[in-house]
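The values are calculated or read from the model by the stated rules, or taken from the named source; none is laboratory data. Everything numeric here is computed off the predicted structure, so don't read it as measured data. Here the Cβ positions follow ideal geometry from the backbone for every residue, glycine too, while neighbour counts run over all protein chains shown.
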Amino acid sequence: QKEVEQNSGPLSVPEGAIASLNCTYSDRGSQSFFWYRQYSGKSPELIMFIYSNGDKEDGRFTAQLNKASQYVSLLIRDSQPSDSATYLCAVIMGNQFYFGTGTSLTVIP
Amino acid sequence: GAVVSQHPSWVICKSGTSVKIECRSLDFQATTMFWYRQFPKQSLMLMATSNEGSKATYEQGVEKDKFLINHASLTLSTLTVTSAHPEDSSFYICSAFRDTNQPQHFGDGTRLSIL
């Protein structure tokens, strides 16, 4: 059974710290990986995508992919209170989308 | 980035009413659209997957006669909640998907409240 797993949290970090969000997936053949942010009461919004092993940086966000370990992570540098949200990991496995249940992040001022 | 428009954003209606929600991809042709439901503080729950011109595929436990999905074109899908009851009150979200290995793009969601 194909699965995407995330630690549900909640994860709390102080303002200015690095927040690290982790995700594992079951299908070794997966090629496409996405991170979404969902604020309370809002719909998810795409913040990062990564297809190749290694790091991909976009502003304060870095996605890290390790296909051998079936692991994708999202780092948020200089965390801000406005980053407080639920972060969803999504993986395309066998031409279907699979979402993790999300990790709740709280950035404490 | 890709834009998906969802209307209405908020609906309040009486029990027994049927409610239609529209989902449009504004700047790309969506081969597939998804419909989700989310209850407060819970995860997204996929209800159904729709492909243009074919019948929707419903997830286990989702009543296809209650949640009617029409995907008439590559840019429009509709979800009709028929004879809605208070237990159908939820946050309904659509998303559109363009092609293999591309992300899903979400609409802003529709908050449905049945009195």
Residue in the stretch A:87-95 that is surrounded by fewer than 13 Cβ atoms within 10 Å (Cβ to Cβ), in a strand (DSSP E or B) and free of Cβ contacts under 8 Å to residues at least 12 places away in the same chain present = no
What number of residues within the stretch B:68-110 are within 8 Å of another protein chain (Cβ to nearest Cβ), in a strand (DSSP E or B) and surrounded by fewer than 18 Cβ atoms within 10 Å (Cβ to Cβ)?
-> 0
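Anything in the stretch A:8-29 that is small (Gly, Ala, Ser), more than 10 Å from chain B (Cβ to nearest Cβ) and not in a strand (DSSP E or B)? List them, or say none. First the steps, then the outcome.
The initial filter retains those residues of the stretch A:8-29 that are small (Gly, Ala, Ser), namely A:8-9, A:12, A:16-17, A:19-20, A:26, A:29.
In the following step, the residues that additionally are more than 10 Å from chain B (Cβ to nearest Cβ) were identified as A:9, A:12, A:16-17, A:19-20, A:26, A:29.
Across the stretch A:8-29, the qualifying residues are A:GLY9, A:GLY16, A:ALA17, A:SER26, A:GLY29.
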Output the residues belonging to the stretch B:16-53 that are in a strand (DSSP E or B), surrounded by fewer than 18 Cβ atoms within 10 Å (Cβ to Cβ), away from chain A (no Cβ under 14 Å) and hydrophobic (A, V, I, L, M, F, W, C).
-> none
Within the stretch B:1-15, how many residues are over 16 Å from B:SER89 (Cβ atoms) and in a strand (DSSP E or B)?
-> 4
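Condition (residue is of a type outside the set (Asp, Glu), over 18 Å from A:PHE97 (Cα atoms) and in contact (Cβ under 8 Å) with a residue 60 or more places away in the chain) applied to the stretch B:46-66: is it met by at least one residue? Outline the logic, then answer.
Restricting attention to the stretch B:46-66, the residues satisfying the condition of being of a type outside the set (Asp, Glu) are B:46-51, B:53-58, B:60-62, B:64, B:66.
Those still in the list that are over 18 Å from A:PHE97 (Cα atoms) too: B:53-55, B:61-62, B:64, B:66.
Among the residues that remain, those that are also in contact (Cβ under 8 Å) with a residue 60 or more places away in the chain are: none.
Among the residues of the stretch B:46-66, not one is of a type outside the set (Asp, Glu), over 18 Å from A:PHE97 (Cα atoms) and in contact (Cβ under 8 Å) with a residue 60 or more places away in the chain, which makes the answer no.
Which members of the stretch A:7-25 meet the condition of being at pLDDT below 95 and surrounded by 12 or more Cβ atoms within 10 Å (Cβ to Cβ)?
Step one: filter the stretch A:7-25 for residues at pLDDT below 95, giving A:7-10.
Correct list: A:ASN7, A:SER8, A:GLY9.
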